[in-house]
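Undergrad: Before I ask anything, here is the structure I am working with.
The values are calculated or read from the model by the stated rules, or taken from the named source; none is laboratory data. Everything numeric in this text was worked out from a predicted model, so none of it was measured. FYI the Cβ positions are ideal-geometry reconstructions off the backbone, even for glycines, and counts take in every protein chain you see.
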Amino acid sequence: MDRKKTLSLTFVTIIVGFMLAIQFQTVQQPVVRDTRDTWELREDLVKEKELELKLRQEIRSNEEKLANYETERKQNKEKALRETLEELKTEAGLTKITGPGITLYIEPLNEELLFGDTVTSLSADLLKRLINELNLYSAKHISVAGNRVINTTVIREINTETKINGRSLNRLPIEINVITEDLNTAEKLYNRMQVSSTAEDFFIDNLRVSILKPRLDITVPEYEDPIRIRYMEPVKSDKGGS
């Protein structure tokens, strides 16, 4: 029984000693007080105000940068759309083009070479065959007697008269301008047309195809007539604007 009392007393003594030590430590650490005077407080306040002003200026600057970035992004989008529109118009033949290429002339044969009567018109089939051959040899843009040839161009014969885009080709010689990718391609086209069998077909019809040397300043006019789009309508957007 004495042993238990001794242990209990020892345990209580330890707890009391621990509490006294904590209290003593708390007393030894005084509360730190702000000893700055009024002027020092004002200086600190001014510094805080300056820091706040600087932060506001940085925020305003960043907001202006974001606005400029957004404006530039929109302008770039509009610029890209305009460039795409110009490319599409060029591909569709709605713009005047100048570039490297060749010029061909279709004209009657000299009288001493004629196989019959003098020819005053050009066959629609011969013209279509010539244009197909030019396209086969990498022609990009073609005009016939000042008429732009596009994908929807119609060449046909009406009452023995050949017409292109509804306009008559009733005068010889007929000038055909052809633009290629570059001067090298134009030279290849020139060489191929020099040995083309199509020229022989023109010769049989008392016509001659003259091919001029490649140049860098061949001009093809824009397509003048309105392009009619058939069997096509805008796609309807889904609900929600998507």
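Undergrad: Specify the residue that is nearest to the chain's Cα centre (by Cα); the eligible residues are those in segment 141-158 that are surrounded by fewer than 17 Cβ atoms within 10 Å (Cβ to Cβ) and outside any strand (DSSP E or B).
TA: 151
Undergrad: Next question, about the same structure. Hey, among 71, 90, which residue is closer than 30 Å to residue 212 by Cα and part of a helix (DSSP H, G or I)?
TA: Sole residue among the options that is closer than 30 Å to residue 212 by Cα and part of a helix (DSSP H, G or I): 90.
Undergrad: Hey, does segment 100-112 have a residue that's among the acidic types (Asp, Glu), within 29 Å of residue 206 (Cβ to Cβ) and at pLDDT below 85? Quick ask: steps written out before the conclusion?
TA: Let us first name the residues in segment 100-112 that are among the acidic types (Asp, Glu), namely 107, 111-112.
Applying the additional criterion that residues be within 29 Å of residue 206 (Cβ to Cβ) yields 107, 111-112.
Now restrict to residues that are at pLDDT below 85: 111-112.
Yes: one or more hits.
Undergrad: Can you name every residue in segment 205-218 that is of a type in the set (S, T, N, Q) and in a strand (DSSP E or B)?
TA: Once the filter is applied, which keeps residues that are of a type in the set (S, T, N, Q) and in a strand (DSSP E or B), segment 205-218 yields only 210.
Undergrad: Could I ask something else about it? Among the residues of segment 159-172, is any of a type outside the set (Lys, Arg), more than 24 Å from the chain's Cα centre (by Cα) and assigned to a helix (DSSP H, G or I)?
TA: For segment 159-172, residues of a type outside the set (Lys, Arg), more than 24 Å from the chain's Cα centre (by Cα) and assigned to a helix (DSSP H, G or I): absent.
Undergrad: Right, residue 127: in a helix (DSSP H, G or I), touching a strand residue (DSSP E or B) at 6+ places or on another chain (Cβ under 7 Å) and crowded, with 16+ Cβ neighbours inside 10 Å or not?
TA: yes
Undergrad: Another question, then. Count, please, the residues in segment 174-204 that happen to be outside any helix (DSSP H, G or I), surrounded by fewer than 16 Cβ atoms within 10 Å (Cβ to Cβ) and touching a residue at least 12 places away in the same chain (Cβ under 8 Å).
TA: Residues flagged as outside any helix (DSSP H, G or I), surrounded by fewer than 16 Cβ atoms within 10 Å (Cβ to Cβ) and touching a residue at least 12 places away in the same chain (Cβ under 8 Å) within segment 174-204 amount to 3.
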